[in-house]
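Take this structure, written in structure tokens, and hold onto it; I'll ask about it next.
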Amino acid sequence: MHLTRSLAITALAFSSLAQSQVKNDDAETPAWTRTAAIINVLPEIHQLDESVHSQSDGLKIMQLRQRILEKVVAASLHVDAAIALMDNEIAQANEVRGYLSDKRDKAVNRANLLSIVAGGTLGATSNGLQLPSGENKASSIVGIAAGALSSSLAIRGIRAQKGGTRRFDFNSNMLAQFFDRPAIDNIHYDPIVWNFLSDVAPTDEDGLTRKQRLIQTWITLKRTDPPSTPSGKSKIDRVTSQPSDQLPLTIDDLEDRSAMLEDVRAKISFLKRDLATLLLSLPE
């Protein structure tokens with residue numbers, strides 16, 4: 001019994017030591033090597049380093065640097081392309097949201113104005129009936145009608161605050177890949193950008209990939225519920241919808257869709273910073 005327990009403790013200790021060693025290795029690994037692996041330029045960098053240290057001919061070194069530079073520029077352009085697609089979808093979502101918001105504000109203002117006018121008019125009529133002849137019964141009836149009408153108009157204004165719905169008929173759904181939903185043709189992330197999102201950021205203490213970290217942030221901020229829940233699935237259907245789905249979206253859906261896309265936009269922008277660091281790390 002004691003031997004089994006000792007072996008278990010020893011195995012656990014070795015496992016913890018191995019995990020600690022992996023984390024230390026990751027921490028000691030230069031950040032630019034992860035970027036080089038993402039854009040598939042690590043072999044060229046190793047060749048360049050060897051050529052510089054062995055003092056190979058300058059033509060070979062120049063060719064290697066040119067090849068590395070071309071891949072870095074291509075990766076940067078892929079980032080710009082993804083950002084352009086997201087900016088386009090964000091702009092379209094904001095336009096639809098603005099239309100629904102204006103329509104909602106008009107409905108709320110109209111209900112509030114009618115409530116004030118109806119309540120004031122019927123209230124004055126109720127008071128006027130009491131002045132000359134003391135018609136308390138008629139005055140009470142008018143007063144009750146005024147209260148009921150004002151209340152119904154106020155309830156109508158409260159309901160109108162939620163706003164209406166409208167289908168998002170723009171041919172783009174850049175959030176679909178995050179939740180394993182079908183993406184529209186030609187509206188997707190380049191493999192380089194997607195590999196960056198699927199990689200663990202060096203500063204992430206929980207070991208989550210950038211994609212997982214974004215989803216966790218959206219759940220924490222109540223942009224969506226966990227994908228495993230019915231409410232989460234319904235919300236994800238709406239923020240990743242495409243025209244063929246014909247799903248009606250609310251103002252909140254469109255706002256969440258834009259905010260989530262802006263988060264992704266900010267996240268992939270860091271790849272351009274890492275690309276700059278990679279270029280600066282090349283041997284002279």
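The values are calculated or read from the model by the stated rules, or taken from the named source; none is laboratory data. It should be emphasised that the depicted structure is a prediction, and the values quoted were computed from it without experimental measurement. No Cβ is skipped: glycine too gets one built from the backbone with ideal geometry, and neighbour counts run over all protein chains shown. Each accessible area value is taken on the protein alone, full model and side chains, heavy atoms only, with ligands, DNA and RNA left out. Shrake-Rupley method; radii C 1.70, N 1.55, O 1.52, S 1.80 Å.
Between Asp87 and His53, what's the calculated FRET efficiency when r is the beta-carbon distance and R0 is 41 Å? Round to 0.05.
0.40
Using amide H atoms built in the peptide plane, which far-off residues or other-chain residues are under 5 Å from Arg167 H to H?
Residues meeting the criterion, in which the H sits 1.01 Å from N, are Leu249.
A follow-up question, please. Keeping every protein chain in place, order Thr165, Thr217 by accessible area at 1.4 Å, biggest value first, i.e. largest first.
The most accessible residue leads, giving Thr165, Thr217.
Which entries of Lys233/Lys267; Lys106/Lys222; Lys106/Lys267; Lys103/Lys272; Lys103/Lys235 have Cα-Cα distances beyond 31 Å here?
Lys106/Lys267; Lys103/Lys272
What is the calculated FRET efficiency for Asp252 to Asn109, with r their C-beta to C-beta distance and R₀ = 30 Å, to the nearest 0.05?
About 0.90, to the nearest 0.05.
While we're here: Using a 1.4 angstrom probe and counting only protein chains, how large is the accessible area of Phe179 in Å², to 10?
Counting only protein heavy atoms, the figure is 20 Å².
Same structure again: So what are the ³J(HN,Hα) numbers for segment 197-206, from phi and the Karplus equation (6.51, -1.76, 1.60; θ = phi - 60°), rounded to whole Hz, Gly and Pro as x?
Once rounded to whole Hz, the list reads 5, 8, 8, 7, 5, x, 8, 7, 6, 8.
How much accessible area does Tyr189 have with a 1.4 Å probe, in Å² rounded to the nearest 10?
10
Pop a pseudo-label 7 angstrom from the Cα along the beta-carbon direction at both Gln216 and Met62 and give the gap in nm to one decimal.
Distance between the two pseudo-spin positions: 4.9 nm.
Quickly work out the Ser269-to-Ser76 label distance, labels modelled 7 Å from Cα along the C-beta direction, and quote it in nm with one decimal.
It works out to 1.6 nm between the two label points.
Here's a follow-up. Computed over the Cα atoms of segment 212-284, what is the ratio Rg over Rh, Rh following Kirkwood?
Here Rg/Rh amounts to 1.18.
Also: So for each of 238-245, 54-61 I average, over its residues, the number of other beta carbons within 10 Å; can you give me the resulting order with the highest mean first?
Final packing ranking: 238-245, 54-61.
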